[in-house]
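Novice: One structure is given below, represented as structure tokens, and several questions about it will come after.
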Amino acid sequence: MAITYAERLSGWRFILFNVLLALGHMIVLFNVGSYIAMMPHVAGDLGGVTPSFGTWAQTDFMMALALAFPLSRWLSGKYGAYRVFVAAFFVYAFASYLCAISESLWLFIPGRVLLGFAGGITLPVGQSLLLKEYPDKLKMLALGIWGLVTLMPFTISFSIGGVIVDEVGWRRLFYLNTLIALVIAATTGSLLAGRGFERSYIRFDFIGFMLLAVVLGGIQTILNQGNDFDWFDSPFLRAMAILVIVVLPCFIIWELGERHPALDIRLFAHRNFAVGVICFTVGFLLIQGLLSMFIVQLQVLLGYSSFLASMVFLPMIVLAVPVTLIMHGLPLNLDARLLACINLLGFALALFWIGLFDEPASFDQIFWPMLLFGLFLGSFFIPLTRLTLHGFSGQQEMRAAEGTGLLRIAAGAFGITLQGIVLFRRMPFHQLHLADNFGGRRFASIDLLQELSGKLDSAGVAAEMVKSELMAIIKQHAAILAMNDAFLLASYLFVGLAGLVWLAYPAYPHLHPSKIEKLEDIRAEEMMEEP
């Protein structure tokens, strides 16, 4: 049964429904950013594992979030959007409770995977429910509000997560998730009880979905465990690599012949789509990975508290939100390639500036480049979305947006691990280089450390203490130099992406789009900005 105007909510029910959807959207996206701020605490509390093990819970969460996108559309058509939304939040509450009571990674990681999968289902379904309750003339307003909430994981979630872990402990976040998710599920179910829906009989591509999950999950597992288990010297990782190599061509062949594929590979035949997806995935891989690596290392190696480390990212919100609003209202006669090129070059400038960081105690040295970073973060999605979706319309446009969102979020998960690998490889190099300044390989006949220790020993300072403090300083500055390498490498890659966008065809929006076309465009843009 299709929804009629009379069935729309009104009055206080309509207001409450909007609050519930916004709150649900926020707590799902909040878990993307807030967990990064508390990752070292979680790793230490779950058996005292290293932060690299704690990273698994974040990367697997994001991978599950990405894989939920294609499944959510099919579930909504088969069982009804509000039923799926309510059920997903009950599952979300259960997964949050599992994370809260976990005493080891072996329960926490499955809980995070289930949390990501349930949360990923709610994102597109929540948007669909929101639009159904608004009259046509107000749907643009609804999508605008939805887009502002989407900025959550890159703005205040870091800071709030830092406050929670420092003041009350990380487990309270998941207990709070449980309570809020139960309230959202129960209240939404009550408001929409008995609501009809138009059933869809499109067959879901389960085989393609499972093959995609094996490929993405296999690659993520190799990246997660490579540093800790010596890469392909591990029999398990060798087997995983063989599995990915075998399954990947099977997945491509299957999807090319599937009428309703889980991921429509045929879209890559469109040049703009291919260029846009490359820019989106590589760009988001670098952004997500660098932010995650930076906030963890500020705590682990530079001694920042979770709150202070998260405050480093607060300047981003100053410009990110207003710039996002401005980008939505840009003139229609601007080529998306030009806007995307300027944005990517801006990212290169901001990351190069951050890559010059050399003083652990200098908050100002981080504040200004992060402010600039927020400016270009706010303008990242819109031009690339218009470039990627140029030439598509209707269902093809929605499939393109869904596929791009899936690949972008998966790339973000890859990026978190890859930036950790860069740090892991570059730190020993810089430690050795800094140690050489005290003699060693560079000046084999000179032992400056012994000379320094002798002078301090005569002043009453033990030689062992001198060596310990000196090694701590060398390790700290080696970490700073390794992080700088990661930021500088990313800045060079963004310059390359800025050149790549010019391989696409000129992308101008329709000068006089119909209301339906404009609504579809904005829905697609919002989907590609999740999360």
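Novice: Are any residues in the stretch 383-395 part of a helix (DSSP H, G or I) and either open to solvent by less than 40 Å² (accessible area, probe 1.4 Å) or of a type outside the set (K, R) (or both), and if so, which ones?
Specialist: Residues satisfying the conditions are P383, L384, T385, L387, T388, L389, G394, Q395.
Novice: Inside the stretch 168-224, can you point out the residues that are open to solvent by 50 Å² or more (accessible area, probe 1.4 Å), more than 18 Å from P70 (Cβ to Cβ) and more than 29 Å from the chain's Cα centre (by Cα)?
Specialist: S190, A193, G194, E198, R199
Novice: Considering each of D358, D335 in turn, give the residue that is of a type in the set (D, E), open to solvent by 70 Å² or more (accessible area, probe 1.4 Å) and at negative phi.
Specialist: Being of a type in the set (D, E), open to solvent by 70 Å² or more (accessible area, probe 1.4 Å) and at negative phi holds for just one of D358, D335, which is D358.
Novice: Being open to solvent by less than 20 Å² (accessible area, probe 1.4 Å) and more than 23 Å from the chain's Cα centre (by Cα) is the filter here; which residues of the stretch 258-271 pass it? Step through it out loud before you land on a result.
Specialist: Narrowing the stretch 258-271 to residues open to solvent by less than 20 Å² (accessible area, probe 1.4 Å): 258, 261-264, 267.
Within the stretch 258-271, E258, P261, L267 meet the criteria.
Novice: Return the residue satisfying two criteria in turn: it lies in the stretch 33-72 and is in contact with a Ser or Thr (Cβ under 8 Å, 6 or more places away or on another chain), buried (at least 24 other Cβ atoms within 10 Å of the Cβ) and aliphatic (A, V, I, L, M), and of such residues it is nearest to Q419 (Cα to Cα).
Specialist: Among them, the one singled out is I36.
Novice: Also, I was wondering about something else. Among the residues of the stretch 146-162 satisfying the criterion of being crowded, with 16+ Cβ neighbours inside 10 Å and of a type in the set (A, V, I, L, M, F, W, C), which is modelled with the highest pLDDT?
Specialist: I160
Novice: Is at least one residue of the stretch 290-299 surrounded by fewer than 21 Cβ atoms within 10 Å (Cβ to Cβ) and β-branched (V, I, T)?
Specialist: No, that holds for no residue.
Novice: Separate question: For the stretch 236-257, state whether one or more residues are over 24 Å from the mean Cα position of the chain (by Cα) and touching a residue at least 60 places away in the same chain (Cβ under 8 Å).
Specialist: There is no residue in the stretch 236-257 that is over 24 Å from the mean Cα position of the chain (by Cα) and touching a residue at least 60 places away in the same chain (Cβ under 8 Å).
Novice: Give the stretch 483-531 a look and list any residue that's among the aliphatic types (A, V, I, L, M) and either at pLDDT 90 or above or in contact with a strand residue (DSSP E or B) (Cβ under 8 Å, 6 or more places away or on another chain) (or both), or say none.
Specialist: Result: A486, L488, L489, A490, L493, V495, L497, A498, L500, V501, L503.
Novice: Quick one: which helices (runs of 4 or more DSSP H) lie wholly within the stretch 1-111 and hold at least 1 residues that are in contact (Cβ under 8 Å) with a residue 40 or more places away in the chain and within 18 Å of the chain's Cα centre (by Cα)?
Specialist: 11-45, 51-79
Novice: Tell me, which residue of the stretch 73-112 that is within 26 Å of V49 (Cβ to Cβ) and β-branched (V, I, T) is surrounded by the fewest Cβ atoms within 10 Å (Cβ to Cβ)?
Specialist: I101
Novice: Another question, if that's okay. Touching a helix residue (DSSP H, G or I) at 6+ places or on another chain (Cβ under 8 Å), buried (at least 20 other Cβ atoms within 10 Å of the Cβ), modelled with pLDDT of 90 or more and part of a helix (DSSP H, G or I): does that describe L285?
Specialist: Answer is yes for this residue.
Novice: May I pose another question? Condition first: aliphatic (A, V, I, L, M) and farther than 27 Å from I160 by Cα. Can you find one or more residues in the stretch 283-306 that meet it?
Specialist: Among the residues of the stretch 283-306, not one is aliphatic (A, V, I, L, M) and farther than 27 Å from I160 by Cα, which makes the answer no.
Novice: Now, a different point. Does A320 fit the bill of being touching a helix residue (DSSP H, G or I) at 6+ places or on another chain (Cβ under 6 Å), part of a helix (DSSP H, G or I) and open to solvent by less than 10 Å² (accessible area, probe 1.4 Å)?
Specialist: Yes; evaluated as a whole, the condition is true for this residue.
Novice: Another one. Which one of F380, F429, F376, F414 is aromatic (F, W, Y) and either surrounded by fewer than 19 Cβ atoms within 10 Å (Cβ to Cβ) or at pLDDT below 80 (or both)?
Specialist: Exactly one residue qualifies, and that residue is F429.
The values are calculated or read from the model by the stated rules, or taken from the named source; none is laboratory data. A quick note: this is a predicted structure, and the numbers were derived from the prediction, not measured. Here the Cβ is made from the backbone with ideal geometry for all residues, glycine too, and neighbour counts use every protein chain on show. With ligands, DNA and RNA removed, areas are computed over all heavy atoms of the protein, side chains included. Shrake-Rupley method; radii C 1.70, N 1.55, O 1.52, S 1.80 Å.
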